[in-house]
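K.L.:
After the structure tokens below, expect a handful of questions from me.
The values are calculated or read from the model by the stated rules, or taken from the named source; none is laboratory data. Since we're looking at a predicted model, the values are computed, not measured. Please note: Cβ atoms are built from the backbone with ideal geometry, for glycine as well, and neighbour counts cover all protein chains shown. Keep in mind that these areas ignore ligands, DNA and RNA; they rest on the heavy atoms of the full protein, side chains included. Shrake-Rupley method; radii C 1.70, N 1.55, O 1.52, S 1.80 Å.
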Amino acid sequence: RYRPDWASLDARPLPAWYDRAKVGVFVHWGVFSVPAWGSEWFWWHWQGQHDAACERFVRRRFPPGTSYAEFAPLFTAYDFQPRQWAQLFQRAGARYVVLTTKHHEGFTNWGSPVSWNWNSVDTGPHRDLVGELGEALRESNLRYGLYYSLMEWFNPLYLADKQNDFKTQSFVLKKMMPELYDLVLKYKPDLIWSDGDWEAPDCYWNSTSFLAWLYNDSPVKDTVVVNDRWGRGCSCHHGGFYNCADKYRPGSLPEHKWEMCSSLDSHSWGYRSNMSLAEVMDEMSMIEELVQTVSLGGNYLLNVGPTKEGVIVPIFQERLLALGRWLDTNGEAIYETQPWRVQMENTTDTVWYTSKGPVVFAIFLLWPRDSVLCLSSPIPSPGTQVTLLGFAGTLQWQQHPGKGMLITLPYMLPSPLPPQSGWAVKLEGVE
């Protein structure tokens with residue numbers, strides 16, 4: 001049994017499904033999707049920091065004296081079709097999906113028994129959003145992760161604990177812990193993506209006792225995976241896989257399993273009604289991020305923010321489907337792979353390696369000018385075979401005069417509508 005201390009909890013092996021999955025979709029959805037302006041931190045910028053631009057925005061768009069709570073009934077989810085979401089995420093090549101069950105605003109996307117009238121069943125959609133999406137994802141054989149913010153900006157119980165230097169735990173005992181247990185027992189998640197931990201130490205949040213219960217006695221004890229945001233100073237040190245920081249990119253291969261979360265909207269995780277096309281990640285950047293992340297042993301979690309009605313806007317759908325098309329061709333070089341002894345060509349950061357058993361994949365992000373791919377890292381043997389994923393037949397190669405190999409690529413691209421970026425050669429019989 002695991003003890004409620006980090007030495008014991010950190011020794012738990014990470015359930016294997018998570019590393020094999022490689023690709024996930026993150027969904028930021030809540031009352032912040034109603035103002036849909038600035039970011040999902042709207043309430044804090046408006047009333048925590050009294051940001052002048054936020055105050056102008058509210059004055060211009062809403063009746064005088066409007067409070068944040070009055071946005072909740074406008075969070076309708078009228079057009080939310082969980083099965084359509086699940087199909088989209090499946091076609092995007094995702095193997096798991098993480099939904100915000102509660103962000104720092106405290107509004108819960110399920111009927112939390114300790115969030116009276118500030119949840120999606122009592123107000124707004126009058127629906128159990130967490131449950132509906134979970135059902136649809138499981139029908140599509142996708143793993144389900146629940147994002148949960150430990151803290152709440154304006155919860156009086158939290159603010160009182162904070163006032164007491166976190167020596168009291170009213171908020172933890174009356175609000176946070178009951179919700180975490182409720183989520184696990186009701187929805188049996190595959191993953192818990194904790195956040196909002198940074199103001200207080202893990203002993204305030206009772207993180208270790210919760211995780212010991214999760215790993216020892218919960219209904220998901222053998223399969224559940226957690227991240228590393230369980231209290232000030234835990235990030236990158238304790239928990240399951242490491243997030244370290246939003247959009248984290250290590251320079252070299254980390255020793256610990258990690259995840260890079262990234263957002264299609266470069267300015268926000270939640271939906272913004274004034275988002276412009278230039279602010280949306282393009283296909284090439286998305287594929288580059290995925291390839292670099294997986295090559296360095298990470299998982300790639302790509303975020304979309306739906307509208308208050310529950311629509312994933314067409315440009316986000318288009319990007320997700322582009323990712324899925326790329327994975328349809330090149331997924332063999334991504335899913336269930338391991339980092340190779342070399343992660344990238346030393347001469348360039350446009351060639352990245354992954355491996356699966358004895359097979360090595362070289363993923364190149366730019367098509368070489370003369371259609372000859374030069375790889376200095378693999379050591380070929382007379383029996384070496386080279387194929388291009390998505391292209392029939394083997395490729396000609398020769399030993400590089402220095403070291404490595406020169407591979408002659410087909411003069412035609414593998415598909416009539418190639419992506420802007422990313423092709424993979426499969427190398428068999430190399431060291």
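K.L.:
Which one is surrounded by the most Cβ atoms within 10 Å (Cβ to Cβ), of the residues in the range 375-392 that are outside any loop (DSSP other than H, G, I, E, B) and hydrophobic (A, V, I, L, M, F, W, C)?
P.N.:
We begin by selecting, within the range 375-392, every residue outside any loop (DSSP other than H, G, I, E, B); these are 375, 380-388.
So of that shortlist, the ones also hydrophobic (A, V, I, L, M, F, W, C) come out as 375, 386, 388.
Working: L375: 25, V386: 23, L388: 21.
Step by step, filter the range 375-392, then rank; the result is L375.
K.L.:
Only residues that are of a type outside the set (A, V, I, L, M) and open to solvent by less than 40 Å² (accessible area, probe 1.4 Å): list them for the range 1-18, please.
P.N.:
Across the range 1-18, the qualifying residues are W6, S8, R12, P15, W17, Y18.
K.L.:
Examine the range 88-101 for a residue that is in a strand (DSSP E or B), touching a His at 6+ places or on another chain (Cβ under 8 Å) and either under 24 Å from M176 (Cα atoms) or not assigned by the TED database to the domain that holds V23 (or both), and state whether such a residue exists.
P.N.:
So far as the range 88-101 goes, yes, one or more of its residues are in a strand (DSSP E or B), touching a His at 6+ places or on another chain (Cβ under 8 Å) and either under 24 Å from M176 (Cα atoms) or not assigned by the TED database to the domain that holds V23 (or both).
K.L.:
So how many residues does the range 299-324 have that are in contact with an Asp or Glu (Cβ under 6 Å, 6 or more places away or on another chain) and within 20 Å of A245 (Cβ to Cβ)?
P.N.:
Pass one, the range 299-324, residues in contact with an Asp or Glu (Cβ under 6 Å, 6 or more places away or on another chain): 299, 301, 309-311, 322.
Still in the running and within 20 Å of A245 (Cβ to Cβ): 299, 301.
Number satisfying all stated conditions: 2.
K.L.:
Does G404 meet the test of being open to solvent by less than 20 Å² (accessible area, probe 1.4 Å), modelled with pLDDT under 95 and over 28 Å from the mean Cα position of the chain (by Cα)?
P.N.:
Details: open to solvent by less than 20 Å² (accessible area, probe 1.4 Å): yes; modelled with pLDDT under 95: yes; over 28 Å from the mean Cα position of the chain (by Cα): yes.
Yes; evaluated as a whole, the condition is true for this residue.
K.L.:
Specify which of the listed residues (F107, F89) is touching a strand residue (DSSP E or B) at 6+ places or on another chain (Cβ under 8 Å), surrounded by 23 or more Cβ atoms within 10 Å (Cβ to Cβ), under 24 Å from Y335 (Cα atoms) and at pLDDT 95 or above.
P.N.:
Matching residue, one of F107, F89: F89.
K.L.:
Next up: When you go through (1) out of contact with any helix residue (DSSP H, G or I) (no Cβ under 6 Å at 6 or more places or on another chain); (2) in contact (Cβ under 8 Å) with a residue 24 or more places away in the chain; (3) closer than 30 Å to V97 by Cα one by one for T350, which number turns out not to apply?
P.N.:
Every listed condition holds for T350 apart from (2).
K.L.:
Take the residues in the range 278-310 that are within 15 Å of A362 (Cα to Cα) and among the β-branched types (V, I, T), then tell me which one is surrounded by the most Cβ atoms within 10 Å (Cβ to Cβ).
P.N.:
By that ranking, first place goes to V291.
K.L.:
Which condition number in (1) closer than 19 Å to Y148 by Cβ; (2) at pLDDT below 95; (3) open to solvent by 50 Å² or more (accessible area, probe 1.4 Å) is the one that G233 fails?
P.N.:
(1)
K.L.:
Let me ask you something else. Can you tell me which condition T100 does not meet? The list is (1) surrounded by 20 or more Cβ atoms within 10 Å (Cβ to Cβ); (2) of a type outside the set (D, E); (3) at positive phi, and all the others hold.
P.N.:
Result: T100 fails condition (3) only.
K.L.:
From the list A16, A72, exactly one residue is closer than 26 Å to P306 by Cβ and of a type in the set (A, V, I, L, M, F, W, C). Which is it?
P.N.:
Unique residue meeting the criteria: A72.
K.L.:
Next question, about the same structure. Does V114 fit the bill of being assigned by the TED database to the domain that holds M275, of a type in the set (A, V, I, L, M) and crowded, with 21+ Cβ neighbours inside 10 Å?
P.N.:
When the stated conditions are applied, V114 does not pass them.
K.L.:
Pairs needed: first member in the range 195-220, closer than 20 Å to H103 by Cα; second member anywhere, assigned to a helix (DSSP H, G or I) and acidic (D, E); C-beta distance under 9 Å; at least 6 residues apart or different chains.
P.N.:
A200/D161; Y204/D161
K.L.:
Scan the range 108-127 residue by residue and report those that are closer than 16 Å to Y147 by Cβ and not aromatic (F, W, Y).
P.N.:
Listed by number, the residues that qualify are T108, N109, S112, S115, N119, S120.
K.L.:
A follow-up question, please. Quick test for you: out of W193, W213, pick the one residue that is modelled with pLDDT of 95 or more and either open to solvent by less than 10 Å² (accessible area, probe 1.4 Å) or among the acidic types (D, E) (or both). Before the answer, list the steps.
P.N.:
Values: W213 fails: either open to solvent by less than 10 Å² (accessible area, probe 1.4 Å) or among the acidic types (D, E) (or both).
Of the residues listed, the single one that is modelled with pLDDT of 95 or more and either open to solvent by less than 10 Å² (accessible area, probe 1.4 Å) or among the acidic types (D, E) (or both) is W193.
K.L.:
Just to be sure I understand, how many residues within the range 317-340 are within 25 Å of W17 (Cβ to Cβ) and open to solvent by 70 Å² or more (accessible area, probe 1.4 Å)?
P.N.:
Qualifying residue count, the range 317-340: 5.
K.L.:
Sticking with this structure for a sec: Being of a type outside the set (G, A, S), in a helix (DSSP H, G or I) and either closer than 18 Å to W41 by Cα or outside the structural domain of S273 (by the TED database) (or both) is the filter here, so list the residues in the range 62-79 that pass it.
P.N.:
Looking only at the range 62-79, we keep the residues that are of a type outside the set (G, A, S), and these are 62-64, 66, 68, 70-71, 73-76, 78-79.
Within this subset, residues satisfying the condition of being in a helix (DSSP H, G or I) are 68, 70-71, 73-74.
Within the range 62-79, Y68, E70, F71, L74 qualify.
K.L.:
Scan the range 139-152 and give yes if some residue there is outside any strand (DSSP E or B) and either at pLDDT below 95 or basic (K, R) (or both), otherwise no.
P.N.:
Step one: filter the range 139-152 for residues outside any strand (DSSP E or B), giving 139-142, 150-152.
With either at pLDDT below 95 or basic (K, R) (or both) added as a condition, the list becomes none.
So far as the range 139-152 goes, no, none of its residues is outside any strand (DSSP E or B) and either at pLDDT below 95 or basic (K, R) (or both).
K.L.:
Would you mind finding the one in D222, D228 that is open to solvent by 30 Å² or more (accessible area, probe 1.4 Å), in a loop (DSSP other than H, G, I, E, B) and under 19 Å from Y2 (Cα atoms)?
P.N.:
Every option except D222 fails the conditions.
K.L.:
Continuing with this model, one more query. Of the residues Y68, Y78, only one is open to solvent by 60 Å² or more (accessible area, probe 1.4 Å), farther than 23 Å from W193 by Cα, touching an Asp or Glu at 6+ places or on another chain (Cβ under 8 Å) and hydroxyl-bearing (S, T, Y); which?
P.N.:
Step by step, each of Y68, Y78 is checked, and only Y78 is open to solvent by 60 Å² or more (accessible area, probe 1.4 Å), farther than 23 Å from W193 by Cα, touching an Asp or Glu at 6+ places or on another chain (Cβ under 8 Å) and hydroxyl-bearing (S, T, Y).
K.L.:
Could you identify the single residue in A77, A86 that is in contact with a Pro (Cβ under 6 Å, 6 or more places away or on another chain) and more than 19 Å from S262 (Cα to Cα)?
P.N.:
When all the criteria are applied, what remains is A77.
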